[in-house]
Structure formats: structure tokens, C-alpha cells
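This report concerns only the one structure given below.
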Amino acid sequence: MNKKRIIFIIVCTLTLLTACQEQKETNDAIEAGPLDGLFAGSELSYEEYKFIMEFIVDRTKKMEIEDKKLEKWVIRAIGDERLMNKRDLTKEEALEKAEYNLKYYETFMSVAENKYNVTVTEEELDNWIAEGPDQSDVPQHKAYAEALDMTLVELNHDYDRDLYEQTMVMEKLQHVLIEKYETSDLEEVKNKFNKEVEAQMK
């Protein structure tokens, strides 16, 4: 999977945890990053994506979630379910999924940094975003930004920065984990690391 394909997948992504769970259930080739494989079959027009994204954002705003960080993860949870399964989550389902996904993300980053000493600098991240997602012309990405009333640059460098950082961390981390687990099977590597993260969440 080349970098352009990875970037395409990333910019279509509204959640992290589902990506990790989906990778357990697929035999597709695995490249770097926990966002691979999402929405690979989603090919709607820009207007169709815009309608969906605006609906997702509007529905989340009506929930009046005070915690803006959690609100972002609710948008991702609702969006993921809508695009992947064409189903609308209830408010309770969306909050439960978002809270779990946020905790998973924070634990993932903590384990990577504190146990494996894997991080990325702000400069590395900005350069990576500028060379990749900022160059995006896929309709999902544009529709997502507009639904949030943001420019593509604002979406990438601020709103979705956490997703890109986690992807970069995974790219670095997998090399460490290959040695630790003594396997070059990236599917196995990711599954084992996922278990490490989930164990820390308990």
C-alpha cells in the first residue's frame, strides 16, 4: 500500500478504534498505521459526502456535549457507523463508543511513549501533514472540512491532528514491535499491541 493510498484512507477516517478492530477481522495486506483499511469501498460523490457529513455534525451538535474533545470523538463514532454500516447510532451508543475510543487513543499514545519511547515531534508531524493530507483532493476530506466549517489546513493541522500523530507513532512503533514480538507479520504485531493497550485500559 503506497503512501498516497494510506493518505486517502486517513483523510476518510472519522475514528481510530474501529480501524484497530476491523484489522482483526480482515486478511488484507497491512501497512503502517492504525487507520489503514477504513472506508476502502466508500466511493460517493462530493455532494453525497457533504450531505452525510453535515448531517453527522449537525446531529452531534444537537446533543449539546460540553466536552469539546469528546464531541469530536462522537462525530467520529457517528460518522464511522454511518459510512461503514449505513446505520445511525443512538446518543447513548455514540457516547459510549466515543468515550471508549478516546480512552483507547490516549492509552495507545501513553503506552507508545512511556513503554517504548516512541514519539513524533511537532515539526515532524506538521511536515508529514503538509506533504500528505494537505495535498488531498478526495471528496470525503473536503466535505468533512466544510461540514465542520473549517479549511482543509485547519482540519488537518488542528482538528484531526491527533489521528495523524497516532498514525505516525504507529509507523515508528511497528519497527520496535517487530523485534519485540519476533515476527514480521504486521497483522500479528498490531493484534498483540492492541491487546497491550486494552490491558492497560482495564
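Out of (1) open to solvent by 20 Å² or more (accessible area, probe 1.4 Å); (2) closer than 21 Å to residue 68 by Cβ, what's the single condition that is false for residue 134?
If we test residue 134 against (1) open to solvent by 20 Å² or more (accessible area, probe 1.4 Å); (2) closer than 21 Å to residue 68 by Cβ, just (2) comes out false.
Within the stretch 100-129, work out how many residues are open to solvent by less than 50 Å² (accessible area, probe 1.4 Å), farther than 13 Å from residue 168 by Cβ and not hydroxyl-bearing (Ser, Thr, Tyr).
3
Six or more apart or on different chains, Cβ atoms under 8 Å: show the pairs whose first residue is in the stretch 46-60 and within 17 Å of residue 80 (Cβ to Cβ) and whose second is open to solvent by less than 60 Å² (accessible area, probe 1.4 Å) and aromatic (Phe, Trp, Tyr).
Once the first residue is within 17 Å of residue 80 (Cβ to Cβ) and sits in the stretch 46-60, its partners that are open to solvent by less than 60 Å² (accessible area, probe 1.4 Å) and aromatic (Phe, Trp, Tyr) give 49/144; 53/144.
Condition (residue is exposed (fewer than 15 other Cβ atoms within 10 Å of the Cβ), modelled with pLDDT under 95, of a type in the set (S, T, N, Q) and closer than 18 Å to residue 146 by Cα) applied to the stretch 3-23: is it met by at least one residue?
No.
Among the residues that make up the stretch 83-97, is at least one of them in a helix (DSSP H, G or I), open to solvent by less than 80 Å² (accessible area, probe 1.4 Å) and at pLDDT below 90?
The answer is yes, given that some residue of the stretch 83-97 is in a helix (DSSP H, G or I), open to solvent by less than 80 Å² (accessible area, probe 1.4 Å) and at pLDDT below 90.
Which residues, counting only those in the stretch 109-138, are in a helix (DSSP H, G or I) and of a type in the set (D, E, K, R)?
113, 122, 123, 124, 126, 131, 134
Filtering the stretch 141-165 down to residues that are of a type in the set (A, V, I, L, M) and in a helix (DSSP H, G or I), which residue is farthest from residue 76 (Cα to Cα)?
153
Can you pull out the residues in the stretch 145-190 that are of a type in the set (S, T, N, Q) and either under 15 Å from residue 110 (Cα atoms) or open to solvent by less than 40 Å² (accessible area, probe 1.4 Å) (or both)?
Across the stretch 145-190, the qualifying residues are 156, 166, 167, 174, 183.
Could you grab the pairs with beta carbons closer than 6 Å, sequence gap of 6+ or different chains, first residue in the stretch 163-176 and touching a residue at least 24 places away in the same chain (Cβ under 8 Å) and under 13 Å from residue 121 (Cβ atoms), second one of a type in the set (Gly, Ala, Ser) and part of a helix (DSSP H, G or I)?
Note: pairs meeting the criteria are 169/112.
Here is a check on your reading of the model: is residue 139 closer than 30 Å to residue 51 by Cβ and open to solvent by 30 Å² or more (accessible area, probe 1.4 Å)?
Yes.
Got at least one residue in the stretch 51-68 being under 30 Å from residue 175 (Cα atoms) and open to solvent by 30 Å² or more (accessible area, probe 1.4 Å)?
Within the stretch 51-68, none of the residues are under 30 Å from residue 175 (Cα atoms) and open to solvent by 30 Å² or more (accessible area, probe 1.4 Å).
The values are calculated or read from the model by the stated rules, or taken from the named source; none is laboratory data. All values reported here derive from a predicted model rather than from experimental measurement. Backbone-built Cβ (ideal geometry, glycine too); neighbour counts: all protein chains shown. Note: accessible area is taken over every heavy atom of the protein model, side chains too, but ligands, DNA and RNA are not part of it. Shrake-Rupley method; radii C 1.70, N 1.55, O 1.52, S 1.80 Å.
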